[in-house]
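To start, the structure itself, in structure tokens.
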Amino acid sequence: MQFQQLRYFVAVAETLHFTHAAEEVHVSQPSLSQQIRALEKELGADLFTRARGNIALTDAGEALLPLARRILADADTARHEVQELAQLRRGRVRLGATPSLCTGLLPDVLRTFHDLHPGIQLLIEESGSHDLVRELARGALDLALVVLPLPTPSPALTTVELLHEDLVVVSAATGPRPGRGRSRSVRVADLEGEPMVMFRHGYDLRELTVAACRAEGFEPTFTVEGGEMDAVLGFVRAGLGLAVVPRMVAARAGRDLRATPLARPGLSRTIALAHRSDVAPPRAARELQNVLLASRLPQTASASSRV
């Protein structure tokens with residue numbers, strides 16, 4: 001008894017038509033009929049009555065049908081499980097993340113994941129949350145790290161909060177402290193009139209910073225704008241202005257940059273892991289999801305506020 005024969009038998013039993021069944025399983029009708037006859041010979045019983053072109057299940061056929069369906073379902077499950085395991089050896093994961101997370105959080109996480117699953121190819125898409133949500137929705141990404149709240153709420157996405165992260169002000173280590181150096185921390189209001197290096201439009205940190213300045217009643221002063229994270233840090237190192245960046249990014253930025261905390265209530269952002277609600281992520285993506293969730297950092301001080 002072969003799986004192929006059982007598949008042909010189930011197709012005929014469900015259509016009660018040999019030609020239609022052959023079309024459904026993509027085989028010629030004579031080949032299908034031959035395999036059904038071989039199965040009947042093996043079992044020693046007719047599975048169908050074929051009176052005047054009318055097809056019906058015999059008692060033997062009725063008995064075999066639920067068993068055949070179960071066998072085929074178990075075979076599909078076995079195939080799926082093996083393929084899922086194979087994905088952990090030679091699969092791929094398409095992960096989207098904001099550029100600041102690619103600089104701050106992801107290097108250590110991806111190193112951990114690569115050590116666990118060295119055969120999995122990691123494809124990283126750097127972009128703002130708005131673009132990443134769109135790429136998730138159209139199936140171009142398996143997972144994405146986005147900033148909450150989402151730019152456009154999407155019921156088709158499932159999000160899990162990963163961490164709350166403080167934002168800090170970075171400046172050139174050899175230059176003056178922000179806020180005219182009055183204290184070890186700086187208020188958002190102290191940034192009024194300060195030269196600032198600003199990210200490009202569509203960048204989550206740009207929206208956060210500009211909104212915070214406007215909430216204090218002023219427009220930020222840009223000396224340079226339009227860069228990505230690495231470019232912005234480079235411009236700050238060159239003494240062209242200040243920038244507001246995540247604490248994790250500042251911690252990796254090197255000694256030539258000074259990180260000054262924002263005074264309470266300060267600014268922070270919430271990072272979430274997102275995937276489509278209607279499609280389960282592939283096995284390799286679920287493994288990366290587990291590593292990301294295991295890497296959750298403690299929440300920032302409760303005095304911090306989200307913008």
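Could you tell me whether ASP142 is surrounded by fewer than 16 Cβ atoms within 10 Å (Cβ to Cβ) and modelled with pLDDT of 85 or more? Spell out how you get there, then give the answer.
Details: surrounded by fewer than 16 Cβ atoms within 10 Å (Cβ to Cβ): no; modelled with pLDDT of 85 or more: yes.
Here the answer is no, as ASP142 does not meet what is asked.
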Task: Lone unmet requirement of (1) under 30 Å from HIS130 (Cα atoms); (2) in contact (Cβ under 8 Å) with a residue 60 or more places away in the chain for ALA68 - done: (1)
Open item on the list: Suppose the filter is closer than 14 Å to VAL168 by Cβ, among the small types (Gly, Ala, Ser) and open to solvent by 20 Å² or more (accessible area, probe 1.4 Å); does ALA251 pass it?
Closed with: yes
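If you take the residues in segment 108-138 that are of a type in the set (A, V, I, L, M, F, W, C) and open to solvent by less than 30 Å² (accessible area, probe 1.4 Å), which one is nearest to GLU287 (Cα to Cα)?
Let us first name the residues in segment 108-138 that are of a type in the set (A, V, I, L, M, F, W, C), namely 109-110, 113, 116, 120, 122-124, 132-133, 136-137.
From the residues that got through so far, the ones that are open to solvent by less than 30 Å² (accessible area, probe 1.4 Å) too are 109, 113, 120, 132-133, 136.
On the way: VAL109: 12, PHE113: 8, ILE120: 11, LEU132: 20, VAL133: 21, LEU136: 18 Å.
Across segment 108-138, the extreme among qualifying residues is PHE113.
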Open item on the list: If GLN299 meets every condition in (1) buried (at least 19 other Cβ atoms within 10 Å of the Cβ); (2) at pLDDT below 85 apart from one, which number is that one?
Closed with: (1)
Open item on the list: Residues to consider are VAL12, VAL25; find the one that is among the β-branched types (Val, Ile, Thr), touching a residue at least 40 places away in the same chain (Cβ under 8 Å), surrounded by 14 or more Cβ atoms within 10 Å (Cβ to Cβ) and more than 30 Å from VAL170 (Cβ to Cβ).
Closed with: VAL12
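The values are calculated or read from the model by the stated rules, or taken from the named source; none is laboratory data. Model, not experiment: these values are computed from the prediction. Counting neighbours? That spans all protein chains shown, and the Cβs are built from the backbone with ideal geometry, glycine included. In case anyone asks, the SASA skips ligands and DNA or RNA and just uses the protein heavy atoms, side chains included. Shrake-Rupley method; radii C 1.70, N 1.55, O 1.52, S 1.80 Å.
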